[in-house]
Structures are given as C-alpha cells and as structure tokens.
Amino acid sequence: MSTVSPPPVVPAPEQTALAAIQALESEYLLQTYARYPLVLDRGKGCYVFDPSGKRYLDFITGIGVNALGHAHPRLTKVIREQAGRLLHTSNLYYHAYQGPLAERLAKASGLHRTFFCNSGAESMEGALKMARAHGHKINPEKFEVVALHNSFHGRTLGALSITGQEKYRRDFEPLLPGARFVPPNDEVALEQIVSERTAGIVIEIIQGEGGIFPMSIEYLRKARQLADRYDALLVFDEIQCGVGRVGKHFAYQLVDPIVLPDIMVAAKPLACGIPLGVIVANDRAAQSIGSGMHGSTFGGGPLACRVAIEFMDILDELLPHIHEMGCYFRAKLEELQKQFPFIREVRGQGLIIGVDLSFPGKQLVLDAIEQGLLMNCTHDTVLRFLPPYIATEKEIDRAVSILKRVFKMAAKRGDAN
Ligand SMILES: Cc1ncc(COP(=O)(O)O)c(C=O)c1O
C-alpha cells in the first residue's frame, strides 16, 4: 500500500509570488481576465491578506459575493460540518436543504417556486427559457424579450443576447433572435416596444456592471403594467443588487407598494462564495416549465443550500444595519464629492454604491490597492463599492480616508485634465 503525504497547508513562497503565478497563468489559462496585480491568500472579516501578510479592506467582496466578509464563524462551521457529511447528491435524489431554502426564499420574495443552479448567468438562462416557454404556449410568434441598454445579464449566449452593451456582444453575433433593447427609465420607449410578441421583460432594478444606475419607481410600475397587458413575464435580475445588498431582501422591495415580478433571479451572495444561483417564480411563471424541461447536475447541492439557509438567518438581522451603513457611506462619499470636483455623482442604495468620475478610474483602483483598499471600476469611470454587509462605521471611515488619499493623488497628477 503506498502512502501519500498530504499537501502542505501553507503554499510555499515561490508558489504565491505574483510573478510566478502570472507566468504560469499566462502560459496555461485562457487569457480572458485582466486581473489586478495582487495575490489573495486568506481573509478574515472585512479584510483579505496577501501572502506577505499585508491586509486590504475588501470593499468589492469578490463582486458582491462575500456578503458576510471572510471566514465568518457561523458559515465556516456549517461548511466544515456539511463537507464531512454530504457534498453532492445530484438532483436524482432528495436532500434536507433544498425545500427549507426554497421556503425561505418564497417568504422573503413573495414568489412561490424556486429552481436552483450555480451562477448568475445560469439563472438568467433558465429565466429566459421560462419566458420563451410561456410565450410558446400562447403563440409561437411570442418569443421576443425586451431588455435595457446598458444592462448586464451574464456571459452565456442567452444572457448575452439580452445584455445591452455592445462590447460584450459584438464578437459573438448573431445571438438569440428576438432581443429588443430600449433605454432605461424611458416609459414611452418601453410602451412602444412591448407588444403581443413579447414573452418577457428583463430589468436590473439597479444596473450594476452598467455603472450603478437605479430604475425609477414609475418605470418599474410601467413594466409591470405592460407585462400584464400583453401577458409577458416580468423578470427582475437581482444577481448584483439583490439578497440584502440594498438593505431589503430584494431590490424590488424598495418600491412602495412593491412591484412584484413574475420571476426573480439571484446568485452572488446567496451562499457567500459557494456557487449558487436561483430562479424564483410565481405560480403563473412556474407553470411555463414542466418535468424534464430544465435541470442542473450541480444545482442546489446540500453544501450550497445549507450555507444559504445559514446566511438567510444571519441576513434577516443584518438588513437594518445594511441600510444604515449604506446611508453613512453615501453621506461620507458625498462629503468627498464636495472636496473633489472630478466626482460627478455618487449613486446607489444600501451597500451597492458607485462614484462616477470625470475620467477613467482604473489608476485609482490600482492606487487604492497600494493603500490597502479593494474596490473596482466599472463602465470606465465608475468606482464600484460592494462592501460586506458586516462593515461598520469603523471600516467605512477607513475606506473613506484611503479614498481621500487616492483622490488627492489623482488631483495632484491632474487625472481630470
Ligand atoms: C446583474 C447581473 N446579472 C448577471 C450576472 C452574471 O452572473 P455570473 O457572473 O454569476 O454568471 C452578473 C454578474 O456580475 C450581474 O451583475
């Protein structure tokens, strides 16, 4: 019998050196990502650490995924327990966690039925299939999906077909037929394009990748009205702005009275780093998809579902805190705006916030890394913040003081000129 020694718990220094990692990746990985020059080694609370032990305040959280920061004790405990018990079942069998999580999602969302998958794009694919199947039952010509300019719904072909940004789409044309784009927050344009041929209308309540642009209440109401008038499914993409990010379970709950979609898709923070996506639908939408029409090998495994249930428990208590910290952070950023005229606008709700600059923000992101703060830049000029829900005034003050330093450096360099 051969004995295999276990792998080292701590990687050797030569394996974690940035240059060595870059060299290996540039040789063996598809070159799809423009990464920042930083190796992450571990995390604790609102901070991540590089291999040398330097710490960084994590205000981007893996693009909105690490909602409870890093190594949260309750999540770590559940992950450990479940990893030693049962990791994967496939959907051939039952396990104890899909039902209770679906029940939690139904109660939190006001929508009744859930399908589990593994990512944002995958949940959008499923929602598109539901819209298509819904239309198909009524009339084969009813297959159009109305989506918004500047939107982002994922990288798979279906999700890309309704993503309203040319730069993501152009290399893959022709995409799915039937996508119709309209400008966001333009009720007249929406009214003109929605018709008997419309199977679905897809909206991000706050466009994330597009630069943190919220939809107006009137616009959401109009979308609901038109979906009802033409028997189309209204789909809200809550992948970035949902699951607590705005201080409500879902961003559509900011509208009073609530505008309910027929389908809501969510992913990122749901299992706090274990891949999990969901399609949550009302009964009308759920009827569009029957046995054998959709599926996923990995979707809704016991590990992801159990972690998500634990997260939902913690989230319920955190919602008022997220709202409060969002107001605090925005107020601080608005103070910075008064000091730095190149800040055009501060936008967002809760802990999804964008700071729109009058020049490209990439250098500021690099400067912030140097100074120990992680954020990113989207839509060229928008610094995007998706802080962990556990951030307190202390972390926000620290982020703001680093940002102030970074803005001063930009002012000195004359980045805005
Ligand atoms: C609003 C929105 N929809 C869909 C997606 C795609 O999600 P994923 O990267 O998990 O496929 C994203 C990812 O950033 C997103 O922000």
### Message
Any residue at all in region 162-170 that's within 16 Å of the ligand (Cβ to nearest atom) and of a type in the set (A, V, I, L, M, F, W, C)?
### Response
yes
query = Do the conditions hold for Ala331, that is, is it in contact (Cβ under 8 Å) with a residue 24 or more places away in the chain and either open to solvent by 30 Å² or more (accessible area, probe 1.4 Å) or in contact with a helix residue (DSSP H, G or I) (Cβ under 8 Å, 6 or more places away or on another chain) (or both)?
reply = no
For region 1-18 the number of residues that are at pLDDT 70 or above and either in contact with a His (Cβ under 8 Å, 6 or more places away or on another chain) or open to solvent by less than 70 Å² (accessible area, probe 1.4 Å) (or both) is 4
Within region 183-212, residues part of a strand (DSSP E or B) and among the charged types (D, E, K, R) come out as Glu204
Going through region 366-414 in order, the residues found to be under 23 Å from the mean Cα position of the chain (by Cα), under 12 Å from Asp58 (Cα atoms) and in a helix (DSSP H, G or I) are Ala368, Ile369, Glu395, Ile396, Ala399
Log entry, pairs with first residue in region 118-144 being within 12 Å of the ligand (Cβ to nearest atom), second being among the acidic types (Asp, Glu), beta carbons closer than 9 Å, six or more apart or on different chains, reads Gly120/Asp237; Ser123/Asp237; Met124/Asp237; Ala127/Asp237
Flagged pairs (Cβ under 6 angstrom, 6 or more apart or on separate chains; first in region 225-247, away from the ligand (no atom under 11 Å from the Cβ); second of a type in the set (D, E, K, R)) are Tyr230/Glu196; Leu233/Asp262; Leu234/Arg224; Leu234/Asp262
Q. Are any of the residues in region 238-253 more than 16 Å from Leu190 (Cα to Cα) and either among the hydroxyl-bearing types (Ser, Thr, Tyr) or surrounded by fewer than 18 Cβ atoms within 10 Å (Cβ to Cβ) (or both)?
A. yes
Notebook entry, point to check: Would you say Gly273 is farther than 16 Å from Ser119 by Cβ and either within 16 Å of the ligand (Cβ to nearest atom) or assigned to a strand (DSSP E or B) (or both)?
Noted result: no
Condition first: open to solvent by less than 10 Å² (accessible area, probe 1.4 Å), among the hydrophobic types (A, V, I, L, M, F, W, C) and under 19 Å from Ala131 (Cβ atoms). Can you find one or more residues in region 284-303 that meet it? yes
- Residue check: is Glu204 within 12 Å of the ligand (Cβ to nearest atom) and either touching a helix residue (DSSP H, G or I) at 6+ places or on another chain (Cβ under 8 Å) or closer than 23 Å to Leu190 by Cα (or both)? yes
Of (1) within 14 Å of the ligand (Cβ to nearest atom); (2) open to solvent by less than 10 Å² (accessible area, probe 1.4 Å); (3) assigned to a helix (DSSP H, G or I), Ala147 satisfies every one except (3)
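A quick yes/no check of all residues on (1) out of contact with any Lys or Arg (no Cβ under 6 Å at 6 or more places or on another chain); (2) part of a loop (DSSP other than H, G, I, E, B); (3) open to solvent by less than 80 Å² (accessible area, probe 1.4 Å):
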site	(1), (2), (3)
Thr32	yes, yes, no
Gly43	yes, no, yes
Val48	yes, no, yes
Lys77	yes, no, no
Arg80	yes, no, no
Arg85	yes, yes, no
Leu101	yes, no, yes
Leu105	yes, no, yes
Note: among Asp231, Asp237, just one is over 19 Å from Met124 (Cα atoms) and touching a helix residue (DSSP H, G or I) at 6+ places or on another chain (Cβ under 9 Å), namely Asp231
Any residue at all in region 69-92 that's within 16 Å of the ligand (Cβ to nearest atom), closer than 15 Å to Val307 by Cβ and touching a residue at least 12 places away in the same chain (Cβ under 8 Å)? no
In region 375-389, anything touching a helix residue (DSSP H, G or I) at 6+ places or on another chain (Cβ under 7 Å) and either aliphatic (A, V, I, L, M) or surrounded by fewer than 19 Cβ atoms within 10 Å (Cβ to Cβ) (or both) is listed as Met375, Asn376, Leu383, Leu386
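Among what's in region 187-209 and is touching a residue at least 24 places away in the same chain (Cβ under 8 Å) and open to solvent by 50 Å² or more (accessible area, probe 1.4 Å), pick the residue that is nearest to Val246 (Cα to Cα).
The selected residue is Glu187.
The values are calculated or read from the model by the stated rules, or taken from the named source; none is laboratory data. Source: prediction; values computed, not measured. Please note: Cβ atoms are built from the backbone with ideal geometry, for glycine as well, and neighbour counts cover all protein chains shown. Areas reflect the complete protein model, heavy atoms only, side chains present, ligands, DNA and RNA absent. Shrake-Rupley method; radii C 1.70, N 1.55, O 1.52, S 1.80 Å.
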